[in-house]
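Here the structure is laid out as structure tokens; the discussion comes afterwards.
Any read-out appearing in this document is the output of simple, stated calculations on the displayed coordinates, not a laboratory observation. On a predicted model such as this, the values are computed, not experimentally measured, just so you know. In this analysis, Cβ positions are derived from the backbone assuming ideal geometry, glycine residues included, and neighbour counts consider all displayed protein chains.
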Amino acid sequence: MVNLDIYIGNTSIEIRTNEGWRNFNVGIAEKTSLLQALKSINECGSGENIAYHDYCCGFQFCNSCLMKVNGQMSHACLLILEAGKTYKVEPRKDNGILRDLIVEED
């Protein structure tokens, strides 16, 4: 199991005030990426539907899955999760949040 604290909302005010955060415990297989874990949350039928950009390339070239994880910029397609750890996942920037982990492109 891995613990994911994921921002769900559409304003940077919610991030700064700790509103809009949801906690998910996700069963993962060995070598599961953050992107695969996000997909499994949406597919599990819990009613939560997290908005995020899926990858286009899978090799960190396109930056479509770039987000902030534990305060560091990370590519969700390449970040391999470790069982037993907690990850704080948020949009890659605080302004221009469209919904959940999707931000306006520059």
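Things to note:
- Descending by average beta-carbon neighbour count within 10 Å, the peptides 32-38, 86-92, 69-75, 98-104 line up as 32-38, 86-92, 98-104, 69-75, the highest first.
- Highest mean first, the peptides 77-83, 21-27 sorted by other C-beta atoms within 10 Å per residue fall in the order 77-83, 21-27.
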